[in-house]
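Only one structure is covered here, and it is reproduced in the block below.
The values are calculated or read from the model by the stated rules, or taken from the named source; none is laboratory data. Computed from a predicted structure; not experimentally measured. Cβ coordinates were reconstructed from backbone atoms using ideal geometry, including for glycine residues, and neighbour counts include every protein chain displayed.
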Amino acid sequence: MEFLLALASIMMVNIVLSGDNAVVIAMASRCLPQKQQKMAILWGSAGAIGLRVVLTLVAVVLLQIPYVQFIGGLLLIWIAAKLLMEDNGEENVEAGATFWAAIKTIIVADLVMSLDNTLAIAAVAKGDFLLLSIGLALSIPLIIFGSQIIIKIMDRFPIVVYAGAALIAWTAGEMMMADHKIGPVIHNFVPEWLLPFAITVGVLAVGFWYKRAHKEASRGACARDNYPAQ
């Protein structure tokens, strides 16, 4: 059961952090003929997936180093908060004029956008390479072929995004507590569950506040635009 829960967590993190990757892939190949579009998407996605797997394995190894886990936890807090505070606008991705240019754009753009995925998934796996491999194998095809549906679901049900952010925030707290050097020091002052709980509540509170403030600001701007000039 613990293995299945961790596997579900990896897929959840991958989905909420990769919802826009297929949009990038589509935009990078939009100027190609339809037949070349499919081939560019296939080969570009294959290259991006290969690089992502390698980077994730490297991250798993690096997270075993003292102090790196604590720093990684701090980065995950920012990733969780950013997930709730980012706007769902289109990514500014240049379309490739040729087949190979589109493939290069897909690989580079996906690589840059997947750095947060790499850290989060490595953190959830906690050094279990079998769990990591199965999680990536199951979630990557889902992202490539079903990301448009995922994006619509996330737009329609914001609770999915909040659940993903909460999972990442909790993982950040667990990672900081698991650091071989700093973790025992923190554990001397607070229970093991308290730091992950506090971080999760804090991230969700900041995200909720930001969404509410941003929504009110948008309403105010619309009201000013619609108000007749004197």
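Tell me whether the stretch 179-190 contains one or more residues that are under 23 Å from M12 (Cβ atoms), in a helix (DSSP H, G or I), of a type outside the set (G, A, S) and at pLDDT 90 or above. Taking every residue of the stretch 179-190 in turn, none turns out to be under 23 Å from M12 (Cβ atoms), in a helix (DSSP H, G or I), of a type outside the set (G, A, S) and at pLDDT 90 or above. When residues in the stretch 191-230 are screened for being exposed (fewer than 12 other Cβ atoms within 10 Å of the Cβ) and modelled with pLDDT of 90 or more, 2 of them pass.
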